Structure formats: C-alpha cells, structure tokens
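Shown next, in structure tokens, is the structure this report addresses.
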Amino acid sequence: MRKIAVALAFVLLASGCTGERAGTSTSQPSATAATGSPEAVITNAPPPAWRLATLPELAGPTSVLWDVVSVDATHAWAVGSEGYSPDRPDDTGSPLILQWDGTRWARAALPAIAWHGRIDLVAADSPSNVWAVGSTAAANPEDQVSHVLHYDGTAWREVPFPQSMSKSYALITGLTVVGGQTWVVGNHQSDVIIEQWDGRSWRSHQSPAECRTGGTSLGGMPNFCTFTAIRAFGPDDVWAAGNGAWKGFKGPLLFHWSGSGWRTVRVGINDQESSFKALGGRSSGELWAVGDNGLAVRGRGGSFEVLPDAPGGALPDVATDPAGVPWLIENSPAPSAALAAYSTGAWVGMPAPQPQDAVGMSLHGIAGTPGSTLMFAVGAADLPTNPRHLRAVMLEYVPGPSIEPRV
C-alpha cells in the first residue's frame, strides 16, 4: 500500500464508498522539494483543518451530496438527492440543490420536477450562470433519462438535452462551464458523448479519431475511449479525461479541444487498465488529473509528470486552491474517506471529520474558491441503521498555514 507523506497524522474515516484503503504515515515532508516538484512555504501558524458545515434539514431516509462548485466567497452550490429509500429505488429520491450565500447553506427553489432521481454534477463560471446535470431513477439503466438544469441568477429551469430525447441509456460523467459556454461529456454504450451549449442550442462533437477507428485493441477488445471528466479554461482550451485502448496502446488518456477538433494526449502510461476520474487546475499550464489506485498526473506546458506515492484508494475528485495547490479526495472500502494536498514534493494529509453518530463516510466532490481560501467537500455519512441509510455531509476548509508554491 502506498504511503502519504503527512504533516499531520493521516486521519482515516469511515465511508460508504468503495475503493482502496488509504495509507497512513506520520513522517514529515522534506523542507526541500524533489527536483521538478513545486516547493512551498509553510508558516508556523496552527495547522489547517476541515470541519463539518451546518446543512438545512433534509428528507430521509437517505440523502447524498455528489458535487459542489464555488465561484466566490458568497456564491456556491452543492447538488445531490434527498428522500431516497433503498426499499423503493425506482420511484424515490428527489433532486436536491443547496446554495451558499457566504453565511449559510439553504435549499434552492427548483422548478416543478415530475421525476425521481438525483443531480450528480454542478459547474458555474459566475453567480448568474450555473449548470447542473442529473438523471432519473429507473429499474433498468436503459430507462434512465439525463436532465440538465440552468440557473441564471434568479431561478432554475430545465434545459432540453439531446441525449434525453432517445430511450437508450446515456451516462453523463463530466460538466464544465467557461465564458458562457457549457460542455457535457459521457458515454452512450460504446460511443463517447461530447455536447457543447453555445448559448442557444447544443452542438454535438466527434471524439478523437483513435476512438472511432474500427479494429481491435490489446487483448482483442474493440477500440474504445471513455470520457469521465472535463475542464474548460477558455472557448478553445478544453481538457477531458478518461482512458482508451487500440493496437499498441491501453491506458489513461487526456483529450484536448483547441477549437477545431479533439485529439488524444498520452501522459506516459501504457499497457495499464487504469483511467482518470477527475481534472483540476487553474489553467492548461497547471493541470491535475487523478484516478483510482494512486493515479495522479501533473501537466505543465504540454509535458506530463506521473506523481509517485499518491493516495492509493479511489480518487473521485481534485481541486486547486488559490495558491495552485491541488487537493484530492480518497475513498477506501473500510469504508473511509480522507483528504490530501500536494506540496513540497509530497502528499500532505488533512483530517476529514465525520458526524459523531456516523459509522462511516464517503466524499464525492471537492471545490476551491477563486480568490479565497474557502473550500468545500461533499458526500454522505453512513448511519448505524439496518438497512444502511446515508445522510448528506458538507465539509468546509478552515485555513491554517499558507501553502504557497514557489516559482
């Protein structure tokens, strides 16, 4: 099991999510970073910490938060579901959106929604341009329908989505917003979904040529690509993440849109059955991609570095703080959850608290706030019930010593 260099003892907490068990270590990171790694100046102030935030009363027996976005210190949104019953999985669960006003979290008013299900993804580029994507609950995957919602600063409304017009199953895995444009990615059976909202309508994109070329990959499987996450820095600078396989290659991939087409970008890993799950960063010059089993890559100026000794469990999300320091979530099957930041050439563990009455916890989404030290992480705590129920949790970051990369 890989270990994490920690400034604090790495605290492992129970989680309702599956993944690898997190490693622990009480070693201190070196004052001098390894060659090629960002150095950091850490003050002697009290250590930073994550704490539980107060949420409004949510409907039971189960509630979960799946994703969170923050655009400034007084505008953030978290999405998920409430009122879900494991005994009635096909017709329970109501989409949930919470809004932060700088002081408290409150339930957002949603349009009349006649479907049961959940909201999985949220993204925004301003307080008046927020997007969310979810899906209906259904007995069979092919009966699920994707739903897209938009907030214009005044009210939420549903936006028709091309894939929801068909009866076939589409899995939406990524959402990003920049400059008034919205991108959605996912997979429809063996096809990649790439949809762009230009302010008036959806525009479908073709995946890179390698993903569409007929033939077989290593092991005799058909050629394929999957898109699991997306991050846009400008109209002609969009990155997606996932994996792919074709003759001579199998492994995690990045994908880049430069305005004229999508291309595959290898990161130096081949002949591995692994995939990126999330993207973070403030620009293409400091891109971070993470996946399961300790997969973590940093991209700078078109070159990519695989970072050793990343947390070894499931890594569902990554975000950067204003200093450019990446934070990631690790879930393990104990069940447990943890948080880690990368500085001084090592992963620094931070405590992740859970409610006192919980027997486990998982985290699904994390977000930094531009121009602010404010950060949020969301998920759900396992409750001591039979059958097991979940309750949504929100963590907020309390700044301690500054962690500032040196140039």
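No lab work stands behind these numbers, since they all come straight from the coordinates. Nothing here was measured: the structure is a model prediction, and the numbers come from that model. Note: ideal-geometry Cβ built from the backbone for every residue, glycine included; neighbour counts use all protein chains shown.
Each of Asp357, Asp317 was scored by other Cβ atoms within 10 Å of its Cβ. Arranged with the fewest first, they read Asp357, Asp317. The residues neighbouring Leu175, those whose beta-carbon lies less than 11 Å from its own, together hold a net charge of -2 under the Lys/Arg +1, Asp/Glu -1 convention. In the calculated pair distance distribution of region 40-405, what percentage of Cα-Cα distances lie above 33 Å? It works out to 26 percent of all Cα pairs.
At 0.36 nm per residue, and after removing the present C-alpha to C-alpha distance, how many nm does the segment from Val398 to Val159 gain when stretched out fully?
Values: separation 239, 0.36 × 239 = 86.04 nm, distance 3.62 nm.
Fully extending the segment from Val398 to Val159 adds 82.4 nm.
Listed by Cβ neighbour count within 10 Å, with the fewest neighbours leading, Phe304, Phe276, Phe376 appear as Phe304, Phe376, Phe276. Let me have the relative contact order for region 40-405, percent, based on Cα pairs under 8 Å that are six or more residues apart. RCO, region 40-405: 16 percent.
Amide H contacts under 5 Å for His389: Leu383, restricted to partners 5 or more places along the chain or on a different chain, H placed in the peptide plane at 1.01 Å from N.
What residues from region 210-252 fall in the zone where the backbone N is under 16 Å from a label point 7 Å along the Cα-to-C-beta line of Asp191? The answer is 211-214, 224-227. Taking amide H positions as modeled 1.01 Å from N, with prolines and chain starts lacking one, the residues under 5 Å from Ala59 and 5 or more places away or on another chain are Gly83. You can think of it this way: the chain between Arg282 and Arg266 has 3.7 nm of extra reach, that is 0.36 nm per residue less the Cα-Cα gap. Which residue, chosen from Leu65, His364, Pro311, occupies the Cα position most advanced towards the positive end of the dipole of region 40-405, where the dipole is computed from +1 (Lys, Arg) and -1 (Asp, Glu) charges on Cβ about the Cα centre? Among Leu65, His364, Pro311, the one farthest towards the positive end of the dipole of region 40-405 is Pro311.
Other residues lying with their Cβ under 9 Å from the Cβ of Trp257 contribute a combined charge of -1, Lys and Arg counting +1, Asp and Glu -1.
Extension gain for Asn293-Thr385 works out to 30.1 nm (0.36 nm per residue, less the C-alpha to C-alpha distance). Each 5 Å bin from zero holds the following percent of Cα-Cα pairs in region 184-276: 3, 14, 25, 26, 17, 9, 4, 2, 0. Amide H to amide H, which residues 5 or more places from Thr320 or on other chains are under 5 Å from it, using H placed in the peptide plane? Residues meeting the criterion, in which the H sits 1.01 Å from N, are Gly281, Trp327, Gly368.
Taking 7 Å steps out from each Cα toward its Cβ at Glu273 and Arg300 produces label points 3.4 nm apart. How much net charge surrounds Ser126 when only other residues with a Cβ under 12 Å from its Cβ are counted (Lys, Arg +1; Asp, Glu -1)? Result for the neighbourhood of Ser126: -3.
In terms of other Cβ atoms within 10 Å, Ser146, Ser275, Ser85 run from fewest to most in the order Ser85, Ser275, Ser146. Kindly state, to the nearest 0.05, the FRET efficiency for Thr373 paired with Ser128, given R0 = 22 Å and r defined as their beta-carbon distance. The calculated FRET efficiency here is 0.40.
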